[in-house]
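Everything on this sheet refers to the single structure shown next.
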Amino acid sequence: MEITPDIINNTLILKILATRIDAASAVQFKDLMRSTTDGYSGRVVLDLELVEFIDSSGLGAIVSAYKALVPRNRMDICSTGEVVNTVFRLTRMDSIFAIYEDVEHALNEGELI
Amino acid sequence: MNWNELEIRLSVAEDYLSVRHGLQEFKTRFANGKSRDIDVNPIELVLAEILNNIAEHGDHASLPEKICLKWALHKNRFSAEISDAGVEYSPLEKIRAAKKHKDTSFDNLPEGGFGWHIISALCSDIHYRRHGNINILKLQIPV
């Protein structure tokens, strides 16, 4: 797993280069998120375009990374697939995170999916 | 009814990598065995939650050497039986506890406990019993 950071319009876009965020990779994900966002103050968008599967451990790792951000920093999510959407919906985490269709919609803060 | 069977061997505590490989094997066999188009995503999600839960809750002394997964596909449901010789667990209590937590304020945002939400939402039936030192969980998922 890798995370590639990109800053566009004062927003830190983090593209997750992995097909799964699951129990086997949750710790690595949290560590990578911590080192990538350490000291950053501003909005963060997680680009999950490549992520095909997430389980409850992966979701917990995303929540943990969100809570570890500088207080009151926003973390939004974009480019989610079917399984990711299902997990966020069933756990009601879609009411915590704004989920956008793609990076462009996230940057424009357009309509949510 | 034709039941399929797969064994997932756990070599260390929290052996999530073996669970991941087991799920991959399950998906391959499920895809080869099914005769019609069925969305495997909810099935993989439920199995992942249950198998990881078993792998998580065995310390070195109580770690089950293997998890046995049996499954069958019916007209409109998927049935599975998951058995292991690990520590006893009580899914219905876990589900009740997970449903109780409704505080989603930032400070109280949970970082765990989502698994039983997912399992209860996707399964139509869940039955658990402890037989001797064996956990046996039976479930059904509408397809």
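Treating r as the C-beta distance of B:Trp3 and A:Glu111 and R0 as 51 Å, the FRET efficiency rounds to 0.65. Dividing the C-alpha radius of gyration of segment A:2-108 by 2.2 N^0.38 Å, with N its residue count, gives 0.95. With the simple model of a label 7 Å out from the Cα in the direction of the Cβ, B:Asn41 to A:Arg92 spans 2.3 nm. Counting only protein heavy atoms and a probe of 1.4 Å, the accessible surface of chain B is 47% carbon and sulfur.
Take the accessible area of chain A alone and of chain B alone, subtract that of the pair, and you get about 2300 Å² summed over both chains, using a 1.4 Å probe. Within the accessible area of chain A, the carbon and sulfur atoms contribute 45%, probe 1.4 Å, all protein chains present.
Note on chain B: GNM, Cα springs under 10 Å; of B:Lys66, B:Lys75, B:Lys94, the largest mean-square fluctuation is that of B:Lys75. The H on the amide N of A:Ile3, modeled in the peptide plane, is under 5 Å from the matching H of A:Leu17, each at least 5 residues off or on a different chain. To the nearest 10, the accessible area of A:Thr19 is 70 Å² with a 1.4 Å probe.
The phi-based Karplus calculation (6.51 cos²θ - 1.76 cosθ + 1.60; θ = phi - 60°) puts the 3J(HN,Hα) values of segment B:87-98 at 5, 5, 9, 10, x, 5, 5, 5, 5, 4, 5, 5 Hz, whole numbers, x for Gly and Pro. Each of B:His131 and A:Val27 was given a label point 7 Å from its Cα along the Cα-to-Cβ line. The distance between the two points is 3.4 nm. The relative contact order of segment B:4-142 comes to 25 percent, based on Cα pairs under 8 Å that sit 6 or more residues apart. Residues of segment B:103-143 with an amide N closer than 14 Å to a point placed 7 Å from the Cα of B:Glu56 along the Cα-to-Cβ direction: B:110-120. Database remark: amide H of B:Val143 closer than 5 angstrom to the amide H of B:Arg77, B:Phe78 (H placed geometrically; neighbours at sequence offset of 5 or more, or on other chains; Pro and chain starts carry no H). Using a probe of 1.4 angstrom and keeping all protein chains present, the accessible surface of segment A:2-108 works out to 43 square angstrom per residue.
Restricted to Cα atoms, the protein assembly as shown shows a radius of gyration and a Dmax of 18.9, 61 angstrom. Can you grab the distance from the C-alpha centre of segment B:105-141 to the C-alpha centre of segment A:53-93, Å, no decimals? Computed from Cα coordinates, the inter-centre distance equals 20 Å. Over the heavy atoms of B:Glu56, what accessible area does a 1.4 Å probe trace out, to the nearest 10 Å²? Result for B:Glu56: roughly 90 Å² accessible. Residue separation of B:Ala121 and B:Glu88 scaled by 0.36 nm, minus their Cα-Cα distance, works out to 9.6 nm of gained length.
The values are calculated or read from the model by the stated rules, or taken from the named source; none is laboratory data. All figures in this text were calculated on a predicted structure; none of them were measured in a lab. All Cβ positions, even for glycine, are placed from backbone atoms using ideal geometry, and neighbour counts span all protein chains on display. For accessibility, only protein heavy atoms count, side chains too; no ligands or nucleic acids. Shrake-Rupley method; radii C 1.70, N 1.55, O 1.52, S 1.80 Å.
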